[in-house]
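See structure below.
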Amino acid sequence: RVLVLDFGSQYAQLIARRVREQNVYCQIVRHDITAERIAEYAPRGIILSGGPSSVYEDGAPRCDPKLFELGIPVLGICYGMQLACDALGGSVQHTPSREYGRAHCEVTDASDLFDGLPTNMQVWMSHGDQVSSVGEMFHAQARTETCPFAAVKHASLPVYGLQFHPEVTHTPEGKQLLRNFVLRVCGCTGKWQLSDFAEETIGQIREIVGDRRVICGLSGGVDSSVVAALLYKAIGPQLACILVDNGLLRKAEQADVVKAFTEHFKADLHVVDAGPQFMQALEGISEPQEKRRRIGYQFIEAFKSEASKIESAHFLAQGTLYPDVIESGAAQDGPAATIKLHHNVGGLPDELGFELIEPLRDLFKDEVRRLGLELGLPEDLVWRHPFPGPGLAVRCLGEITAEKLDVLREADAIVVEEVKAAGLYRQTSQTFAVLLPVQSVGVMGDARTYDNCVAVRSVDTDDFMTADWSRLPYDLLAKISTRIINEVKGVNRVCYDISSKPPATIEWE
Ligand code: XMP
């Protein structure tokens with residue numbers, strides 16, 4: 001494996017991803033990890049990430065200088081390079097003009113990292129400081145017009161530095177550079193696969209769980225399904241799954257989940273039909289935040305009550321993913337980094353008293369999907385678009401009634417079905433229907449109608465923080481509109497939402 005020491009870079013995650021794309025396992029750890037701890041991990045390589053600080057400032061994040069003496073190849077990127085040079089006899093200065101954007105780089109030593117790469121290449125720079133002198137021990141491998149040390153190599157230690165960012169796509173040769181580092185310099189085999197991950201994780205789960213039981217909440221989404229499938233492989237009947245059907249699920253959602261988990265995995269599945277309680281709690285409520293609050297409360301109650309029926313349950317499994325871990329600043333370097341135990345159950349209160357198992361906390365979403373397929377989950381479940389916890393409640397605007405939910409569910413099913421039929425489901429990130437609290441006049445046959453309006457929302461996004469509306473073909477939109485108006489009773493108008501996020505959000509409430 002390769003370790004990435006994170007100095008607060010916005011790109012640390014991207015570095016890890018690029019390394020994994022070379023089939024080399026990669027983990028992000030805190031920058032202040034000790035050299036002893038690194039040695040225990042026995043990585044083949046270490047990457048020091050970039051970061052917003054200046055190495056000459058007090059309190060700037062540093063690494064344990066002893067790590068350079070471990071004999072493990074080190075690649076410093078941007079701030080990481082400045083740190084390595086600073087630690088090994090060079091000096092770093094503020095540059096008069098901050099360099100940001102594309103630059104042309106001339107390779108002067110085409111060995112190691114630059115093996116097989118062109119002499120002139122485009123690179124992406126983003127820095128306010130740069131290495132001004134490297135002492136005796138380093139020499140430059142590449143330079144740009146303003147940066148004499150765009151890439152450096154140590155004379156006797158396997159330590160390398162890049163002032164530019166190889167992990168971003170604006171450095172077209174970056175992928176090959178990282179490949180050269182992990183395969184050539186570090187000697188990784190490039191054979192890591194998700195199945196290795198699954199096998200290793202299953203073993204760890206067995207060890208931690210022993211003969212106790214684990215509860216896993218199923219939502220119908222891919223993350224919780226993959227967690228359940230992995231746990232089922234590890235501990236079989238010691239796993240109990242709880243699906244709280246809040247009456248706000250999509251069409252056939254409960255049936256799909258039940259089918260996957262009882263037919264295929266034969267898991268101990270508890271379905272709580274809590275729809276009536278949720279509807280009662282939501283009666284007369286139209287304020288979006290209050291709707292969410294009540295749904296959250298009902299969920300906890302329903303989950304708690306079912307969980308209390310499961311004897312000797314000790315653990316709660318959760319589908320936390322890598323980006324969540326990194327976002328929360330909790331990248332771990334503990335002994336059980338893949339399966340972290342603590343008591344902070346997201347969305348569920350501490351008093352439930354379970355220990356938490358998060359077997360996906362080292363994976364990215366696309367890796368989770370691939371793992372799901374490998375574990376035998378159906379494609380439909382694995383590729384399902386994300387669905388918010390409060391479900392259709394945030395897509396049925398204003399006060400909710402059972403009738404409105406039925407209209408929305410039918411319209412939503414048509415939207416998804418047609419987008420899938422057009423082969424565009426996987427290209428879009430979230431596609432759904434929204435029932436507006438609006439009636440408008442229409443004409444059907446010879447009669448006047450005064451019916452509901454459905455908005456179709458489809459967005460493309462990488463991270464759900466920003467999103468653009470999907471440019472769905474007009475003919476597809478026409479088909480969706482015709483089908484909804486013809487087939488869903490109570491709807492006489494369909495609109496397409498062409499707002500980006502920001503300033504709009506993906507959901508309407
Ligand atoms: P917005 O509407 O804020 O949504 O642009 C961003 C992403 O988050 C999802 N979302 C939620 N997911 N519980 C969830 O589990 C929620 O309360 C919730 N609200 C929004 C939304 O579907 C989108 O993917």
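The values are calculated or read from the model by the stated rules, or taken from the named source; none is laboratory data. Here the structure is a predicted model, which means the values were calculated and not measured. Heads up, the Cβs are rebuilt from the backbone with ideal geometry, glycines too, and the neighbour counts pull from every protein chain shown.
Tell me which of these residue 54 doesn't satisfy, since it passes every other one: (1) surrounded by fewer than 18 Cβ atoms within 10 Å (Cβ to Cβ); (2) free of Cβ contacts under 8 Å to residues at least 60 places away in the same chain; (3) closer than 15 Å to residue 79 by Cα. All conditions are met except number (2). In the list 79, 41, which residue meets the criterion of being touching a residue at least 40 places away in the same chain (Cβ under 8 Å) and over 15 Å from residue 166 (Cβ atoms)? So the residue among 79, 41 that is touching a residue at least 40 places away in the same chain (Cβ under 8 Å) and over 15 Å from residue 166 (Cβ atoms) is 41.
Determine the pairs where a residue that is hydroxyl-bearing (Ser, Thr, Tyr), located within region 126-142, has a partner that is outside any strand (DSSP E or B) with Cβ atoms under 6 Å apart, the partner being 6 or more residues away or on another chain. From residues that are hydroxyl-bearing (Ser, Thr, Tyr), the pairs are 133/90. Screening 234, 229 for residues that are without any contact (Cβ under 8 Å) to a residue 60 or more places away in the chain and crowded, with 16+ Cβ neighbours inside 10 Å leaves exactly one candidate, 234. Taking region 1-113 as the region of interest, the strands (runs of 3 or more DSSP E) fully inside it that hold 2 or more residues being modelled with pLDDT of 95 or more are 2-6, 45-48, 74-77, 91-107. Only one of the listed residues (391, 423) is surrounded by 15 or more Cβ atoms within 10 Å (Cβ to Cβ) and at positive phi. That residue is 391.
Could you list, in sequence order, the residues of region 7-24 that are more than 15 Å from the chain's Cα centre (by Cα) and surrounded by fewer than 23 Cβ atoms within 10 Å (Cβ to Cβ)? If the condition is that a residue be more than 15 Å from the chain's Cα centre (by Cα) and surrounded by fewer than 23 Cβ atoms within 10 Å (Cβ to Cβ), then 8, 21, 22, 23 are the ones that fit.
Comparison of 132, 97 shows that the only residue that is surrounded by fewer than 18 Cβ atoms within 10 Å (Cβ to Cβ), at negative phi, small (Gly, Ala, Ser) and out of contact with any Pro (no Cβ under 9 Å at 6 or more places or on another chain) is 97. Restricted to region 194-293, the set of helices (runs of 4 or more DSSP H) holding at least 3 residues that are more than 15 Å from the ligand (Cβ to nearest atom) and among the charged types (D, E, K, R) comprises 194-209. Residues in region 373-399 that are more than 16 Å from the ligand (Cβ to nearest atom) and outside any helix (DSSP H, G or I): 375, 376, 377, 378, 398, 399.
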